1. Test of understanding: among LYS336, LYS320, which residue is among the charged types (D, E, K, R) and in contact with a Gly (Cβ under 8 Å, 6 or more places away or on another chain)?
2. Restricting attention to the range 140-149, and to residues there that are crowded, with 23+ Cβ neighbours inside 10 Å and not β-branched (Val, Ile, Thr), which single residue is nearest to ALA321 (Cα to Cα)?
3. For the range 156-191, give me each residue that is under 18 Å from the mean Cα position of the chain (by Cα), without any contact (Cβ under 8 Å) to a residue 40 or more places away in the chain and on the phi > 0 side of the Ramachandran plot.
4. Quick one: in the range 117-139, of everything that is of a type outside the set (A, V, I, L, M) and over 21 Å from VAL63 (Cα atoms), which residue is most open to solvent (accessible area, probe 1.4 Å)?
5. Could you identify the single residue in ALA319, ALA345, ALA330, ALA357 that is crowded, with 18+ Cβ neighbours inside 10 Å, part of a helix (DSSP H, G or I) and out of contact with any strand residue (DSSP E or B) (no Cβ under 7 Å at 6 or more places or on another chain)?
6. At positive phi and over 22 Å from the mean Cα position of the chain (by Cα) - does that describe any residue in the range 229-249?
7. Could you tell me whether LYS88 is out of contact with any helix residue (DSSP H, G or I) (no Cβ under 6 Å at 6 or more places or on another chain) and basic (Lys, Arg)?
8. I'd like the full set of residues that are among the hydrophobic types (A, V, I, L, M, F, W, C) and in a loop (DSSP other than H, G, I, E, B), limited to the range 122-149.
Amino acid sequence: MTDVTDGVLHTLFRSEQGGHEQVVLCQDRASGLKAVIAIHSTALGPALGGTRFYPYASEEDAVADALNLSRGMSYKNAMAGLEHGGGKAVIIGDPELIKTEELLLAYGRFVASLGGRYVTACDVGTYVADMDIIARENRWTTGRSPESGGAGDSSVLTAYGVFQGMRASAQHAWGDPTLRGRKVGVAGVGKVGHYLVEHLLEDGAEVVITDVRQESVRRITDKFPQVTVVADTDALIRTEGLDVYAPCALGGALNDDTVPVLTAKVVCGAANNQLAHPGVEKDIADRGILYAPDYVVNAGGVIQVADELHGFDFDRCKAKAAKIFDTTLAIFARAKEDGIPPAAAADRIAEQRMAEARRG
């Protein structure tokens, strides 16, 4: 990317963005590619994180997103016990308008130029078919189709990991690792959410759902008519008798408007970046609500794509994702011991693992 603006440079070097090792600004004029690859940490191994394809309002916004997301991946990968650091890439533009094979191949060449320091996968706006194209230019692409030697859709294991985190939350909150007899509200029943609903129903939970996409709602109710549907997320979080709230759609679900009116005693869901801003985790704790850190419980997908690098084995991945139960319990124990919210406890554990790796 040429003509880097002062705003982009300011974003790159703001101290609060947190010590990135490398940020690559990519441009290929022939294909129209403009992208940012951010490597936050390689302390635990090559940086691993998806490629987001999104029409950012500005280059500065794209850089800021890449920095935030890559930092989050360092923590997620550390807590998942992976030998990977954190990285993330963003491609600037509307994928419905500008995504082409030529552009994806050009992006693949930029990934290749990093020589394995960054391993990419799917994210918002990119799919398995896109990874198959990108992989033609480098061997550091995961999330590919089974036909191309990959593992395919990671939603199954993401949902399974969230369910394990929810079981651990139930154990901590009520002394029993089951959702049987509990009322669970799931906001967003798309790729991950609909698998989570299946786990909950199999476990004996009462399930309430909402989604802005009516086709996603119908897919659930056609298969599981016992599921209750409410109009929107506001109605869901105010549902009487709700035990667990599972945000599985957009980020920022826990904010100054939603936290004061939450009726649930536990929050555990698949959405990324659920805490709208620093301090929300304390507001949640002050209300006596147990929060299972999102990047811990939704790590099933990254566990899958990391495994793909070694020859994907579903049973091996599922066994790793099952450990999210123990990891979540350990976070709650650390939070109680240190007198801090679970989100802060998870950060401390992740930072400790990264620091030990750097020293070692």
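1. Working: LYS336 fails: in contact with a Gly (Cβ under 8 Å, 6 or more places away or on another chain).
Matching residue, one of LYS336, LYS320: LYS320.
2. Filtering the range 140-149 for residues crowded, with 23+ Cβ neighbours inside 10 Å gives 141-144.
Going one step further and asking which of them are not β-branched (Val, Ile, Thr), we end up with 143-144.
On the way: GLY143: 17, ARG144: 19 Å.
Filtering the range 140-149 for residues that are crowded, with 23+ Cβ neighbours inside 10 Å and not β-branched (Val, Ile, Thr), the one nearest to ALA321 (Cα to Cα) comes out as GLY143.
3. none
4. So the first thing to find is which residues in the range 117-139 are of a type outside the set (A, V, I, L, M), and the list is 117-118, 120, 122-123, 125-127, 130, 132, 136-139.
Still in the list and also over 21 Å from VAL63 (Cα atoms): 127, 130, 132, 136-139.
Values: TYR127: 127, ASP130: 15, ASP132: 37, ARG136: 141, GLU137: 67, ASN138: 17, ARG139: 185 Å².
Ranking the qualifying residues of the range 117-139, first place goes to ARG139.
5. Details: ALA319 fails: crowded, with 18+ Cβ neighbours inside 10 Å; ALA330 fails: crowded, with 18+ Cβ neighbours inside 10 Å; ALA357 fails: crowded, with 18+ Cβ neighbours inside 10 Å.
The conditions single out ALA345.
6. Looking through the range 229-249, at least one residue is at positive phi and over 22 Å from the mean Cα position of the chain (by Cα).
7. On the way: out of contact with any helix residue (DSSP H, G or I) (no Cβ under 6 Å at 6 or more places or on another chain): no; basic (Lys, Arg): yes.
No, not satisfied.
8. Within the range 122-149, the first condition is being among the hydrophobic types (A, V, I, L, M, F, W, C), and the residues that meet it are 122, 124, 128-129, 131, 133-135, 140.
Across the range 122-149, the qualifying residues are VAL124, ALA135, TRP140.
The values are calculated or read from the model by the stated rules, or taken from the named source; none is laboratory data. As the structure is a computational prediction, the values presented were derived from the model and not from experiment. Neighbour counts are summed over all protein chains in view; Cβ atoms, including those assigned to glycine, are modelled from backbone coordinates with ideal geometry. In case anyone asks, the SASA skips ligands and DNA or RNA and just uses the protein heavy atoms, side chains included. Shrake-Rupley method; radii C 1.70, N 1.55, O 1.52, S 1.80 Å.
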